[in-house]
Amino acid sequence: MKYQRRYSSFATHSSFGTKFDSQCYILSMKKKKTLVLGASDNPSRYSYLAIQRLRNHDHPVVAIGRKNSQVGDVPIAKEKKPFDDIDTVTFYLNPLHQKEYYDYILSLKPKRLIFNPGAENEELEKLAKQNNIQIIEACTLVLLATGQY
């Protein structure tokens, strides 16, 4: 419910054609290098769809998953790599599996973290806020589809 409340409020404000709406549109035009954490090469997984749609919107994508594999032109690494210039980390891992990535995520110095439904994590959100990282509880696929990414 917390996710739905935050997201619907965001969508409602942007639907009025306000200055906020045009700012969202301008911001969405910038290409944001994104780390998909919990990536999968299984076409039925949301992380797979997110990688495809991020690439369809021309966002640079890097990915980490359980095994080395590939989705389109995006390799999925099993190990934590020192990626540069990460704007966004989008989570497809439940909070229990995120713990091992806390220090790694903070070391990447992303501008924002997107917690997709089921990935919300108060502990990591608190750490991110302490490091001036924006927190978004929303669906990456919806953000892309509505031009709010």
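Matching residues to (1) in a loop (DSSP other than H, G, I, E, B); (2) in contact with a strand residue (DSSP E or B) (Cβ under 8 Å, 6 or more places away or on another chain):
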{"site": "LYS67", "(1), (2)": "yes, yes"}
{"site": "THR90", "(1), (2)": "no, yes"}
{"site": "LEU96", "(1), (2)": "no, no"}
{"site": "LEU127", "(1), (2)": "no, no"}
With the requirement that a residue be under 14 Å from ILE114 (Cα atoms), in a helix (DSSP H, G or I) and free of Cβ contacts under 8 Å to residues at least 60 places away in the same chain, what does segment 130-149 give you? LEU143
Could you look through segment 85-119, keep only residues that are under 16 Å from the mean Cα position of the chain (by Cα) and among the charged types (D, E, K, R), and pick out the one that is farthest from LYS31 (Cα to Cα)? LYS109
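Check whether at least one residue in segment 90-112 is of a type in the set (Phe, Trp, Tyr), exposed (fewer than 15 other Cβ atoms within 10 Å of the Cβ) and under 18 Å from ALA39 (Cα atoms), and report yes or no. Spell out the reasoning first.
Within segment 90-112, the first condition is being of a type in the set (Phe, Trp, Tyr), and the residues that meet it are 91-92, 101-102, 104.
From what is left, the residues that are exposed (fewer than 15 other Cβ atoms within 10 Å of the Cβ) are 102.
Those still in the list that are under 18 Å from ALA39 (Cα atoms) too: 102.
There is at least one residue in segment 90-112 that is of a type in the set (Phe, Trp, Tyr), exposed (fewer than 15 other Cβ atoms within 10 Å of the Cβ) and under 18 Å from ALA39 (Cα atoms).
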Any idea which of (1) over 16 Å from ARG45 (Cα atoms); (2) surrounded by 13 or more Cβ atoms within 10 Å (Cβ to Cβ); (3) more than 11 Å from the chain's Cα centre (by Cα) is the one GLU137 doesn't satisfy? (3)
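The numbers here are math on the coordinates, done by the rules we state, and not lab data. What you are looking at is a predicted structure, and each value in this text was computed from that prediction instead of being measured. Every residue, glycine as well, gets a Cβ built from its backbone with ideal geometry; the counts of neighbours run over all protein chains shown.
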